[in-house]
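Beneath this line is the structure, given in structure tokens, with notes to follow.
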Amino acid sequence: MAETFNIAVFAGDGIGPEIMAPTVKILRRMSDASDSYSLRFEDAPAGAAHYAKTGESFPESSMNTAKSADAILLSAMGLPDVRYEDGTEISPQIDLRKALTLFAGVRPVTVKTGQRTPLNMPEGKEIDFVLVRESTEGLFYTQGCGEVSENEARETLLITRDISEKLFRFTFEMAQNRKKAGRGPGRVTCVDKANVFRAFAFFRDMFNAEASRHPELESDHAYVDATALWMVQKPWDFDVLVTENMFGDILSDLGAGLMGGLGLAPSADIGLEHAVFQPCHGSAPDIAGQGVANPMAMILSAAMMLDWLGIEKDHAGLVDDGRRLREAVEDVVADGRFLTRDLGGSAGTEEAASAVLDMLFVS
Ligand code: ATP
């Protein structure tokens with residue numbers, strides 16, 4: 001008897017609905033083909049376009065749909081011309097992060113053989129690492145409430161024991177799962193600036209305490225500036241990196257650059273009870289409505305969702321389909337015939353997504 005899982009779907013703004021539709025189509029096909037699980041999708045309206053239409057950016061009913069779902073799939077949100085009266089942007093994804101305490105921002109970085117990258121990859125090398133960005137505190141703690149006077153401005157960086165311990169526990173478990181799946185040596189690197197700031201020495205101490213509970217895994221440290229250098233010089237050496245919110249924000253865009261652009265960069269925001277899966281990019285209003293958006297980051301985020309659900313629910317069929325979906329995208333990208341404009345190709349959104357379906361069910 002197939003187990004049913006409920007997925008909340010936030011189609012979002014701009015290119016959001018264009019990349020969400022083919023992603024849900026692929027997930028439905030995988031669910032229909034599986035005899036061990038079934039996915040049920042529930043739409044959750046929210047975002048800038050919804051605000052412009054109804055005066056509400058994140059209806060309570062959509063928050064309830066998110067809270068009661070087994071996982072949350074979210075496309076891009078926000079439009080530059082639609083803002084709250086105080087001028088701030090509409091971003092339900094940040095509301096969700098706060099409301100559901102999604103402290104672990106997971107940003108995988110992969111470059112497979114055949115994939116375009118600005119790096120000169122040595123023969124036989126591939127990149128496959130994960131950056132875990134703390135997503136609820138750090139230098140974003142005073143976001144929107146920093147103090148500004150005529151001659152000074154202040155923002156506060158907050159590192160708490162509670163969130164850091166959860167973050168490190170999550171990160172070491174992830175390294176363990178990757179090692180089990182044959183995707184890395186089981187090494188966690190703490191990225192900080194402990195040589196300059198006491199807050200990062202505190203961060204590092206808690207990392208070391210968690211590391212000591214995992215003798216089967218390796219652990220080390222790197223300063224954030226050196227990490228930026230090594231991400232360009234030898235990114236194939238990394239396995240799992242964990243860092244503070246602002247450092248993670250910056251390094252994850254560098255990671256997306258290594259992959260050839262934002263159109264290929266998936267992400268997840270994960271807490272103890274809930275998880276949101278969404279592409280790293282925004283709603284790209286400059287190309288919305290043209291059918292040219294790259295759907296791969298959204299589809300890869302859906303693959304991460306299957307993998308996470310499978311591990312959470314101890315369901316091997318989901319983990320297996322998460323891997324199959326990720327590999328299908330990697331194969332389409334490496335093949336190169338169905339790339340969208342941002343990757344130097346001429347395929348439209350539908351054509352690129354159909355190539356993934358064909359890779360899964362035809363080849
Ligand atoms: P946000 O601040 O919401 O993250 P942003 O203003 O930084 O958004 P994006 O909306 O991510 O930027 O777009 C940045 C650039 O990347 C734009 O030129 C956009 O067209 C392009 N882009 C983003 N996502 C995609 C995609 N999936 N396919 C093709 N191009 C994309």
- request: Taking Phe277 as meeting all but one of (1) within 24 Å of Arg116 (Cβ to Cβ); (2) among the hydrophobic types (A, V, I, L, M, F, W, C); (3) in contact with a helix residue (DSSP H, G or I) (Cβ under 8 Å, 6 or more places away or on another chain); (4) within 16 Å of the ligand (Cβ to nearest atom), write down the number of the exception.
  value: (1)
message: So for region 183-197 (the condition being open to solvent by 60 Å² or more (accessible area, probe 1.4 Å) and not in a loop (DSSP other than H, G, I, E, B)), does at least one residue qualify?
response: no
- prompt: Can Gly263 be described as modelled with pLDDT under 95 and either within 16 Å of the ligand (Cβ to nearest atom) or part of a loop (DSSP other than H, G, I, E, B) (or both)?
  reply: yes
query: Any residue in region 293-312 that is more than 19 Å from Glu173 (Cα to Cα) and surrounded by fewer than 19 Cβ atoms within 10 Å (Cβ to Cβ)?
result: no
- request: List every residue pair whose Cβ atoms sit under 6 Å apart, with the two residues 6 or more apart in sequence or on different chains, where the first one lies in region 4-28 and is of a type outside the set (D, E, K, R) and the second, anywhere, is open to solvent by 10 Å² or more (accessible area, probe 1.4 Å) and part of a helix (DSSP H, G or I).
  value: Ala8/Thr65; Ala11/Pro17; Ile26/Leu357
query: Of the residues in region 25-44, how many are within 16 Å of the ligand (Cβ to nearest atom) and in contact with a strand residue (DSSP E or B) (Cβ under 9 Å, 6 or more places away or on another chain)?
result: 0
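Do the conditions hold for Ala268, that is, is it touching a Cys at 6+ places or on another chain (Cβ under 8 Å), modelled with pLDDT of 95 or more and in a strand (DSSP E or B)?
no
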field: Residue tally, condition within 11 Å of the ligand (Cβ to nearest atom) and either outside the structural domain of Pro185 (by TED's automatic domain parsing) or without any contact (Cβ under 8 Å) to a residue 12 or more places away in the chain (or both), over region 233-260
entry: 0
- prompt: In region 92-127, which residue that is of a type in the set (D, E, K, R) and within 23 Å of Leu73 (Cα to Cα) is surrounded by the most Cβ atoms within 10 Å (Cβ to Cβ)?
  reply: Arg107
In region 23-54, residue most open to solvent (accessible area, probe 1.4 Å) [restricted to those that are more than 22 Å from Gly322 (Cα to Cα) and of a type in the set (A, V, I, L, M)]: Ala52
task: Please identify the pairs in which a residue from region 221-232 that is more than 12 Å from Ala194 (Cβ to Cβ) has its Cβ atom under 6 Å from the Cβ atom of a residue that is open to solvent by less than 30 Å² (accessible area, probe 1.4 Å), counting only partners at least 6 apart or on another chain.
output: Thr227/Val191
query: Here are Gly87, Gly55, Gly78: which of them is at positive phi and within 14 Å of the ligand (Cβ to nearest atom)?
result: Gly78
task: Tell me which residues, restricted to region 131-161, are outside any loop (DSSP other than H, G, I, E, B), closer than 22 Å to Ala175 by Cα and open to solvent by less than 90 Å² (accessible area, probe 1.4 Å).
output: Leu131, Val132, Arg133, Glu134
query: When region 70-91 is examined, which residues are found to be among the polar types (S, T, N, Q) and either farther than 18 Å from Gln143 by Cα or touching a Lys or Arg at 6+ places or on another chain (Cβ under 8 Å) (or both)?
result: Ser75
Boolean, Glu60 is at pLDDT 95 or above and buried (at least 24 other Cβ atoms within 10 Å of the Cβ): no
- prompt: Which residue pairs have Cβ atoms closer than 7 Å, lie 6 or more positions apart in sequence or on different chains, and pair a first residue in region 349-361 that is open to solvent by 50 Å² or more (accessible area, probe 1.4 Å) with a second residue that is among the aliphatic types (A, V, I, L, M)?
  reply: Met359/Ala328; Met359/Val332
field: So Phe202, is it more than 19 Å from the chain's Cα centre (by Cα), touching a residue at least 12 places away in the same chain (Cβ under 8 Å) and buried (at least 20 other Cβ atoms within 10 Å of the Cβ)
entry: no
message: Anything in region 336-348 that is open to solvent by 70 Å² or more (accessible area, probe 1.4 Å) and either on the phi > 0 side of the Ramachandran plot or in a helix (DSSP H, G or I) (or both)? List them, or say none.
response: Arg341, Asp342
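The values are calculated or read from the model by the stated rules, or taken from the named source; none is laboratory data. Just so you know, these numbers come straight off a predicted model, no measurement behind them. Every residue, glycine among them, receives a Cβ derived from its backbone with ideal geometry; neighbour counts consider all protein chains shown. Areas reflect the complete protein model, heavy atoms only, side chains present, ligands, DNA and RNA absent. Shrake-Rupley method; radii C 1.70, N 1.55, O 1.52, S 1.80 Å.
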